[in-house]
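Following: one structure in structure tokens, then a few remarks.
Readers should treat all values here as calculations from the given coordinates under stated rules, not as data from a laboratory. The model shown is predicted, which means the values in this text are computed figures rather than measured ones. Quick reminder, even Gly has a Cβ in these numbers, built from the backbone with ideal geometry, and neighbours come from all protein chains shown.
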Amino acid sequence: MSNQESSQYNLTTIPRSQHQLSRKQISEAALKVLYRLSSEGYRACLVGGGVRDLLLEKKPKDFDIATDATPEQIHGLFRNSRIIGRRFRLVHIRYGREVIEVATFRSHTDDSPKNELSSEGRILRDNTFGDIEDDALRRDFTVNAMYYDIDGYSVLDYANGLADIEARILRLIGDPATRYQEDPVRMLRAVRFAAKLDFEIETSAAEAIFQCGPLLTGIPAARLFDETVKLFHSGKATRVLELLRTYNLLQYLFPALDEILIAEPSELMLDFIDQALVNTDARINNELHVSPAFIFASLLWPAVHKQAQEIQSDQLKMVPALFQAGGDVMSRQIKHISIPRRYSQMAKDIWTNQPKFHRTQGKQPSRLHGHPSFRAAYDFMCLQTMVGLMPSHLCHWWTEFQKNNTAPVIERQAAEYTKPRPRRRRKPVTQSGNSHSNNTKPNES
Ligand code: ATP
Ligand code: MG
């Protein structure tokens, strides 16, 4: 950011008595980290979504901490920590299931040898440490650049974030096109936060998305998987899909779905997608388990269903047609988003199992019931019945069938999908690299 641009921002300090953010709302683990860093003489602040969401009186998804301690110094203080990342080096400190992410204050200078830019201006590495003000101004949105200082409990607002929180505006810090060029994923983050927080994307940041959208083709497919899951597991998936379409971004994530939506799909399929997203939102908001496989199975279903119908014939029955179409659609999809195999396989199983729900005679139901993806396939089938893509009595029939069957069968199926996988060497994770490796259970009801 140029000096001229950064000079438009001034620090506003909101003392403890004038904000409603309190330590009671911060997890014990995050407080432990903050206090430990502070007692060792380091600066330690809660930052990002933790501060933003607490000021909005929402429950934060996680607590991120920023400090002037280097990753090595942080690692030296916490036995339960490890240094991760390449693009950004961070420290993860684990307390049971909770992971606290601690980042060292960074600056945003283009000419530093420790920062690498691609030919399109994308930041490949960003490991130049800086002071807290530098750190604030290299963050994405003004509402994400507020700090809660554990030393004195004030809120530090470097980029007028508080005013934007009040006005419910998502404003990029600096010039939007430049900020998207540095990291095109910020466009997806804009959509996610706009949907999740019910904020308006500020006009220039919104307009630049149309121009910068194609830059998403340069993002590694593994990072797009993480971002896509975050988008559709934000609790506002319906709005997310709407916004992705509004900003012409869906084509970079789900080109097959985008094409079908543009070509005016059947009302039933539109209803199905809608219902799948409403259902996912309801589960997230009720803190029930959701699997990424279900989202991918749902969003790709219009393409798979259409292709299977086209190739189905007297010689090729519906199950093998779905098998073929599912494999084909999936192999095209993973060029854009690298879906881990356990999820892509589960999505394919969900699809090929759909016609089998029609078979309610003889041994067929028990056989289907014993399939490891039965539970997810059943949820999927019930969604299909809700919108009229399958006969409505089937959901009821299978619900009753399960009641009369024994529970251990279901437990055995869940165990199939949750079997520990052989350990592989871990790859470094990027800053946004959230592992979903524990989300392997089939959907529960
Ligand atoms: P949530 O955790 O609810 O998804 P968040 O704002 O905390 O939202 P994180 O991905 O946890 O998002 O990142 C923490 C903070 O790091 C952000 O608030 C932002 O300040 C900064 N940040 C994350 N990703 C980027 C990015 N791509 N560009 C600039 N800053 C970023
Ligand atoms: Mg966060």
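Observations on the model:
- A simple spin-label model places the labels of SER313 and ASN404 4.0 nm from each other, with each point 7 Å out along Cα-to-Cβ.
- Environment charge at LEU243 (Cβ cut-off 13 Å; Lys +1, Arg +1, Asp -1, Glu -1): +3
- Across the range 292-410, the relative contact order, built from alpha-carbon pairs under 8 Å that are at least six residues apart, equals 23 percent.
- Given LYS32/LYS196; LYS61/LYS306; LYS236/LYS317; LYS59/LYS403; LYS61/LYS403, the pairs whose alpha carbons are separated by over 32 Å: LYS61/LYS306; LYS236/LYS317; LYS59/LYS403; LYS61/LYS403
- Stretch gain in nm, segment ASP271-ARG94, where the contour uses 0.36 nm per residue and the Cα spacing is subtracted: 59.6 nm
- Panel order for VAL387, VAL304, by other beta carbons found within 10 Å of each beta carbon, from fewest to most: VAL387, VAL304.
- The range 3-171, relative contact order [Cα under 8 Å, separation at least 6], %: 25 percent
- Likely footprinting exposure, MET187, MET318, MET330, fewest C-beta neighbours within 10 Å first: MET318, MET330, MET187
- Simple spin-label estimate for SER22 and THR203 gives 4.1 nm between the two label positions (7 Å along the Cα-to-Cβ direction from each Cα).
- Distance (nanometres) between label positions extended 7 Å along Cα→Cβ at ARG332 and THR13: 5.9 nm
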